[in-house]
Each structure stands twice: as C-alpha cells, then as structure tokens.
Amino acid sequence: MPLADQAEASNQPQSAILLGILALQGDYEAHARTLERLGLRPESAAPAAAPGGWRFVRHAEDLDGLDGLILPGGESTTMLKFLEQAGFLERLRQFAAARPCFGTCAGAILMARQVSHPQQPSLGVLELTVERNAYGRQIDSFIDRGEWAGAQEKDAPPPEMVFIRAPRFRDAGPTVEVLARWHGEPVLVRQGKLLAATFHPELTEDTRVHEMFLRMIRSARAQPGESSPRA
Amino acid sequence: MENEFRLKTGLAEMLKGGVIMDVTDADQARIAEEAGAAAVMALERVPADIRREGGVARMASIRKIRQIMEAVSIPVMAKCRIGHFAEARILEALGVDYIDESEVLTPADEVHHVDKHDFKVPFVCGARNLGEALRRITEGAAMIRTKGEAGTGDIVHAVRHMRAIVSEMKQLTVMAPEELFARAKELQAPYELVRMVAREGKLPVPNFSAGGIATPADAALVMQLGAEAVFVGSGIFKSEDPGVRARAIVRATTHFRDAQVLLECCEDLGEPMRGIDAAGLKPEEQLQTRGW
C-alpha cells in the first residue's frame, strides 16, 4: 500500500517522522540514498511538509527523539567496538525494545538473540540465531530473485536480493514472522517492531522493504501510548 | 550495471567508513580485528620493510594468507603484482575477498595491468589522478584508492592524490559536452566513463585512501578530503603500540569531523612509526610511479 494511503487508513495526520541510520561503519549512505528516493531528507534540510527526515547516529545521544533506526550493512565486529563503549549497546537495546528498528546483514547480526560462526555479543532483541558468513566468502556472494512469503505480496514482483558475505537466520522463535524467502530459507523477517534482512535492499532500486519499514514506524506512532518522543 | 560488478562494488560499500589494515601474520590480523578493522590486507612484509630491505616483492606466501583467513571473520585482501594475472588467479582460487593489484609489490608487467573483468573476485587499484583511476576502472577495478607513498608514514602524497582526483572530478561537472571529449583524450580514459563522472560528480566505484596514513589525524584528514575509507599499511604495526593506535585510527575514521573525539583519539597513543620524509625520496625510490 502506498504511504499516503496508509496514513489515511490509520486516520492519522501525516506528521513527519525522524529516522536514524547507525553510521559507525558500513553502507549507511546507501540507506540514506534509499530514504531520499522515498522523499525523506537529511534532518537539517527537511522541510516540515516532507514525509520525514533522517540523521546519522554515531553517539548514543543521537538516538534521542528518533521514531526508528536503520542498522546498515558493514562489518558487525567493527560496529560492536563502538557499541561496547560508553553504554551505547545498552542504550541501543532500550531503543530497540521501544521503537522500530530495521537491520540489513551486519545490522541484522547486531539485532539477533544469538550470533554464531563465530560467537559475538549482540543486542539480543530478535528471537533467532544469526550465522555469520554462512554462504562463504566474497566469491560466493550473489544476486538473485527471492520470493515474498506473506499472502499480501504474493502477486507482487519478487524482490531482487543482493547477498554479500551474507549471514543466515536460524532457529527463529514463534514470534518471528517470515516475510520473504530465498530457496525456502527465511531472509526477511519481522518480529513486532523489528525488521531484519540478510540481504541488502539498499543496494537495489527496489524501495519496497524500506517502505515496509516506514509503514511500521507510522503504525507504531499511531498506537495509543506510543506517542512520539518528539511530541 | 551488470550483477557481478554490483557484487564487487557491493563489498566495497560494506567497507566504507572503515579501516583496512596491513598485517603480516595471524597474530597481527587478530589484533587488527580486535581493534575494529573492517578488513585486513595480508602481505609478506609491510611497505616500510619492503622499502628498507629491497629485493623483489611478490604475492605473500599462501600458507600465511590462509592462516590469516582462518584467524579472522572480517574480509581478507591480498596483493598481487601489477599485471601478474597468474598470482591473481591463485589468490582467487584461495578465496581472498579482494585483490589489491599493487604498486607496493614489484611490477610484473611494464605495460599491462590485469584484466580484472575476467575475475569473479573484486580488485582494488591505486591511482594518483583521475585519468589513472578511470583507466583502472575500465580494466575492471571495483574500488580505487589513492597511492600516496606507501611505507613512508608521510601523508603528503595521499593528500596530493586525493585532492587531484576530487578536483579533476569537480572540473568535469562544469564542462560543456564538447569539452568532455577533449578532456577524455587528455585523461587517457574512455569518454563514457568521463561523461559518467561529469554527470555524477564522483567515481562509479568507492574511492578510498592509502599510502602514508600513520595517525588518527591523518585518517581524519583524508576522510575530510573525500576518502570513503582508509587503508593503513606500515602505520600501525611499525608504531610503538599497534593495538592502541589501530583502535584510535578506527575511531578517528568514523568520527572524522568531530574534533572532540579526534582529540581523545590522539591521547596516549605511544610513538608513531618514525617514517621517511617523502620529499627526500629519489624518483626511482618512489613506489607511486609504478602503474601505467
């Protein structure tokens, strides 16, 4: 459903949302470009009439006032070095418990309950295990069409999926809903306000996964008791 | 863009905002990963030692690269000699994540670079100016880095090369179409690529910096000049306390515009590599002039 219709359906005035993109390392600019294609603008340049703005998050306090956060691809071990300092990881965990988060590849690894191959710390908010580099090294990276798992998108064109030294979701808990698969394996999942992909929608022209995340943010804001921290 | 090339530049996208560190054994690789390196470059000797010891510098020993690949979970790159497509094939078969066709090693071909389109593994190549960068991209490089002057710890050439590339790209964006044809001829680069850069104002592949980065401030400098990530060679493991320095450079690369954080990065670093004043190098001692 297009964004405008969704706002109408939820009977909410379409107030601007503010997104964060974790910008410690990785392809955070690719996510920013996707958001720009969807009409969002950098926070400093976003007019009030725009559907929303985004900012790069490099410190724990940058999370203040955000409606949602994107955790990009990159090297999860590098990002962890920053998160393990000055209580950043704990702040992020609290944020992810309260507000929508969307992780791609390394970002999904950070969100997982458990990480294997090798083991490493994580936020522990997404009820599944992520196996790192599960398909091999760079020469095993690939681009392919996946398939939507939900009834709603069954007839929509299949998403193009870019897998780069990609991880694999394993042992998903009952609260984890599979939204898309590749060769039967879950590659895009949702659990409440959390969205995670083992591939990189930000490296394609297809904005549908990001649109899905924006809808999650708008519906989280529309829920009673979930008023925006900026309001 | 064809899918294979998208995958090659895709991994470079994942390395952005990060530090790629030269390592010569598994222990150094673990120190680098622990410090937050986004990738490591496996080689036999760091450029400072190649410079000092002389001799032919070749692809690193397979055993050593394999040990490094087994030691860390981050991407592992390795260098092949300019034009040495047989070394490149061997590194591809080994499964390294990126190949650096590097002027730091002794060139194997005085005319030709490797046809990098013919490989599944992505390549990074050095460049001193826009023409050189575009020629490497034409040959299939999926990432460009400044050459700088490796093994000196002197940032001046990396700065010169990054400024040259950025400034030459800016000039293209204001040129008339007929000027672009003439400029392509001067740059010795294909017109199609020149036109693409004129339109986008940036290279069609990620643009990183290398060659002389030795301090957190050096990393912040090249990032502010337009680098999207940094390679650090001798600067880390030729310094007094590699672990501390590696962490500080990683942090400075992320927070490259935040002077307060940069200040913290520079506290208690220990001694940097001693380095060589690059201006004192004779032309034949320069590594950057290798490559055509």
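The values are calculated or read from the model by the stated rules, or taken from the named source; none is laboratory data. Nothing here was measured: the structure is a model prediction, and the numbers come from that model. Cβ coordinates were reconstructed from backbone atoms using ideal geometry, including for glycine residues, and neighbour counts include every protein chain displayed. The protein model used for the area step is the full one, side chains on, heavy atoms only, and it has no ligands, DNA or RNA in it. Shrake-Rupley method; radii C 1.70, N 1.55, O 1.52, S 1.80 Å.
Among the residues of segment B:49-89, just one is more than 27 Å from B:Gly153 (Cα to Cα) and hydroxyl-bearing (Ser, Thr, Tyr), namely B:Ser73.
Filter segment A:156-196 for residues that are small (Gly, Ala, Ser) and open to solvent by less than 10 Å² (accessible area, probe 1.4 Å); which is nearest to A:Gly124 (Cα to Cα)? Among those residues, the one meeting the criterion is A:Ala196. All conditions but one from (1) aliphatic (A, V, I, L, M); (2) more than 11 Å from every other protein chain (Cβ to nearest Cβ); (3) within 30 Å of B:Ala78 (Cα to Cα); (4) touching a Leu at 6+ places or on another chain (Cβ under 8 Å) apply to A:Ala172; the one that does not is (3). Based on this model, can you work out whether B:Arg247 counts as open to solvent by 60 Å² or more (accessible area, probe 1.4 Å) and within 18 Å of B:Met21 (Cβ to Cβ)? Yes, satisfied. The test for being modelled with pLDDT under 95 and surrounded by 17 or more Cβ atoms within 10 Å (Cβ to Cβ) holds for A:Ala7. Just so you know, in segment B:177-195 the residues that are touching a residue at least 40 places away in the same chain (Cβ under 8 Å) and crowded, with 17+ Cβ neighbours inside 10 Å include one that is nearest to B:Leu7 (Cα to Cα), and it is B:Leu193.
Taking segment B:9-31 as the range and being in a helix (DSSP H, G or I) and either of a type in the set (S, T, N, Q) or more than 8 Å from chain A (Cβ to nearest Cβ) (or both) as the test, the residues that pass are B:Thr9, B:Ala12, B:Ala26, B:Asp27, B:Gln28, B:Ala29, B:Arg30, B:Ile31.
Filtered by the rule that a residue be over 16 Å from the mean Cα position of the chain (by Cα) and either more than 16 Å from B:Thr289 (Cα to Cα) or open to solvent by less than 50 Å² (accessible area, probe 1.4 Å) (or both), segment B:103-112 gives B:Thr106, B:Pro107, B:Asp109.
The single condition from (1) open to solvent by 20 Å² or more (accessible area, probe 1.4 Å); (2) part of a helix (DSSP H, G or I) that B:Ala198 fails is (1).
If a residue must be among the aliphatic types (A, V, I, L, M) and under 18 Å from A:Phe102 (Cα atoms), how many such residues does segment A:32-69 contain? So the count comes out to 9.
Considering the conditions (1) open to solvent by 40 Å² or more (accessible area, probe 1.4 Å); (2) within 12 Å of chain B (Cβ to nearest Cβ); (3) part of a loop (DSSP other than H, G, I, E, B); (4) modelled with pLDDT of 95 or more, A:Gln85 is excluded by exactly one of them, (4). Once segment B:63-102 is narrowed to residues that are more than 12 Å from chain A (Cβ to nearest Cβ) and part of a loop (DSSP other than H, G, I, E, B), the residue that is most open to solvent (accessible area, probe 1.4 Å) is B:His84. Summed over segment B:224-264, residues that are in a helix (DSSP H, G or I), closer than 28 Å to B:Asp25 by Cβ and either out of contact with any Gly (no Cβ under 8 Å at 6 or more places or on another chain) or β-branched (Val, Ile, Thr) (or both) total 11.
Within segment A:49-79, which residues are closer than 22 Å to B:Gly10 by Cβ and more than 14 Å from chain B (Cβ to nearest Cβ)? Listed by number, the residues that qualify are A:Trp54, A:Ile70.
Taken over segment A:27-48, the residue count meeting the criterion of being more than 14 Å from every other protein chain (Cβ to nearest Cβ) and without any contact (Cβ under 8 Å) to a residue 12 or more places away in the chain is 3.
Suppose we filter segment B:117-131 for residues that are surrounded by fewer than 24 Cβ atoms within 10 Å (Cβ to Cβ) and part of a helix (DSSP H, G or I); how many remain? Counting residues in segment B:117-131 that are surrounded by fewer than 24 Cβ atoms within 10 Å (Cβ to Cβ) and part of a helix (DSSP H, G or I) gives 3. The number of residues in segment A:119-155 being within 14 Å of chain B (Cβ to nearest Cβ), open to solvent by 50 Å² or more (accessible area, probe 1.4 Å) and not in a loop (DSSP other than H, G, I, E, B) comes to 3.
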